[in-house]
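The values are calculated or read from the model by the stated rules, or taken from the named source; none is laboratory data. None of the values given here were measured: they were computed from a predicted structure. Positions of Cβ are generated from backbone atoms using ideal geometry, with glycine treated the same way; all protein chains shown enter the neighbour counts.
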Amino acid sequence: MNRIFSGIQPTGNLHLGNYLGAIRNWVKLQRDYECIFCIVDLHAITMPQEPAALRKATREVTAAYIACGIDPVACTIFNQSTVSGHAELGWTLGCYAPLGWLNRMTQFKEKAGKQRDNAGLGLYAYPVLMAADILLYKATHVPVGEDQKQHLELARDIAGAFNHRYGVEFFPLPEPQIFGAATRVMSLRDGTKKMSKSEPSEQSRINLTDDADTIASKIRKAKTDPHPLPDSVAGLEGRPEAENLLGIYAALTDKTLEAVVAEFAGAQFSTFKGALADMAVAVLSPITAEMNRLMADPGAIDAILRDGAEKANAIAKPNLRQVYETIGFLAP
């Protein structure tokens, strides 16, 4: 069976974009793939984290996975730092990744900005660790958003470089899986920017922990324009906020954008926002309630993560051992 690997950083509240763009799709994938879903806490520390907040966020992401429908028995759920093979393979693969490849990575440039000289090595080497995350399990498919496609291409390049160097076909070249509507949910305050956990304004996103009143309030206050909704998808050109809200409704209802545009053609935003708020509350409230139930028993969450780490290590350790044997490391 083909194997999926993916993960989310435990940094800040998970939001609607994480659900529609990633976790909801993972729930569907678990029927047809062997799935490994990680909480990538090693990636999280590329930026400063408070220890207590990091631990809480790790449990919260785990709770979100399960509340959204990922089966911790059928799938492997664990936090990255509990499997040492990630860091070990990250260093190893870094020796096969030319600086020229890493210098092309746009996310480092965006996150480091003008403070590039003060950025940590971890932020720069992040894509190599991501490659190690995937290749450690010989994953064949990786569900990614558009913003991560470049990192997956690097993982493929590194896998190919290793295989070529030693004349082996050890690492598969993982294939991206990019899904349809609302894979890139945008900010409620600015339709040109991606919905983000790091955005200072809480009004920019709908968190999976928000209650029904908060969800409805954020949608009512979402930025729009003064015009009625268009009668065709072509009419959304130059209207990023309208396109974003209609796209969210399409994803929540499993309809096409064309169908949603036809349904609300000519409507005022006030009418449409009411329908969108009702739909968002209907979909997200059960998830929020289950997350709250799970978070009330941190010991149970930790037990799931321990079991997941055991399953992950059972795959990772033999693969890493074969990598070391291929390279020529002596194992006395």
**Prompt:** Somewhere in the stretch 247-260, is a residue of a type in the set (S, T, N, Q) and either outside any loop (DSSP other than H, G, I, E, B) or surrounded by 15 or more Cβ atoms within 10 Å (Cβ to Cβ) (or both)?
**Reply:** yes
**Complete:** Given (1) buried (at least 16 other Cβ atoms within 10 Å of the Cβ); (2) among the small types (Gly, Ala, Ser); (3) more than 25 Å from residue 57 (Cβ to Cβ), residue 204 misses just (3)
**Request:** Quick one: which residue in 176, 230 is closer than 28 Å to residue 258 by Cβ, in contact with a helix residue (DSSP H, G or I) (Cβ under 9 Å, 6 or more places away or on another chain) and part of a strand (DSSP E or B)?
**Result:** 176
**Item:** residue 211, sole failed condition from (1) under 18 Å from residue 278 (Cα atoms); (2) over 24 Å from the mean Cα position of the chain (by Cα)
**Value:** (2)
**Request:** Give the residue, chosen from 92, 82, that is assigned by TED's automatic domain parsing to the domain that holds residue 163 and within 29 Å of residue 209 (Cβ to Cβ).
**Result:** 82
**Request:** Return only the number of the condition from (1) assigned to a helix (DSSP H, G or I); (2) over 23 Å from residue 163 (Cβ atoms) that residue 102 does not satisfy.
**Result:** (2)
**Prompt:** If you take the residues in the stretch 10-39 that are of a type in the set (S, T, N, Q) and touching a residue at least 60 places away in the same chain (Cβ under 8 Å), which one is surrounded by the most Cβ atoms within 10 Å (Cβ to Cβ)?
**Reply:** 18
**Fill in**
Those residues of the stretch 287-321 which are of a type in the set (Val, Ile, Thr) and out of contact with any strand residue (DSSP E or B) (no Cβ under 7 Å at 6 or more places or on another chain) amount to 287, 288, 301, 315
**Prompt:** Taking the condition assigned to a helix (DSSP H, G or I) and closer than 30 Å to residue 66 by Cβ, does residue 285 pass?
**Reply:** yes
**Request:** Tell me which residues, restricted to the stretch 216-232, are in contact with a Lys or Arg (Cβ under 7 Å, 6 or more places away or on another chain) and surrounded by fewer than 19 Cβ atoms within 10 Å (Cβ to Cβ).
**Result:** 220, 223, 225
**Message:** I'd like the residue in the stretch 102-122 that is among the polar types (S, T, N, Q) and touching a residue at least 12 places away in the same chain (Cβ under 8 Å) and, out of all such residues, is surrounded by the most Cβ atoms within 10 Å (Cβ to Cβ).
**Reply:** 107
**Item:** Out of 42, 93, 89, 99, sole residue that is surrounded by fewer than 16 Cβ atoms within 10 Å (Cβ to Cβ), of a type in the set (A, V, I, L, M) and closer than 30 Å to residue 324 by Cβ
**Value:** 99
**Fill in**
Pairs returned, first residue in the stretch 64-75 that is in contact (Cβ under 8 Å) with a residue 24 or more places away in the chain, second residue that is hydroxyl-bearing (Ser, Thr, Tyr), beta-carbon separation under 7 angstrom, 6 or more apart or interchain, are 68/19
**Qualifying position, being over 21 Å from residue 14 (Cβ atoms) and not polar (S, T, N, Q), among 99, 42, 54** = 99
**Asked** Has the stretch 294-304 got any residue that is more than 20 Å from residue 82 (Cβ to Cβ) and either under 25 Å from the mean Cα position of the chain (by Cα) or part of a loop (DSSP other than H, G, I, E, B) (or both)?
**Response** yes
**Message:** Name the single residue that is surrounded by the fewest Cβ atoms within 10 Å (Cβ to Cβ) among those in the stretch 277-320 being within 25 Å of residue 210 (Cβ to Cβ) and β-branched (Val, Ile, Thr).
**Reply:** 283
**Qualifying positions in the stretch 188-217 - hydroxyl-bearing (Ser, Thr, Tyr) and touching a residue at least 24 places away in the same chain (Cβ under 8 Å)** = 192, 196, 198, 209
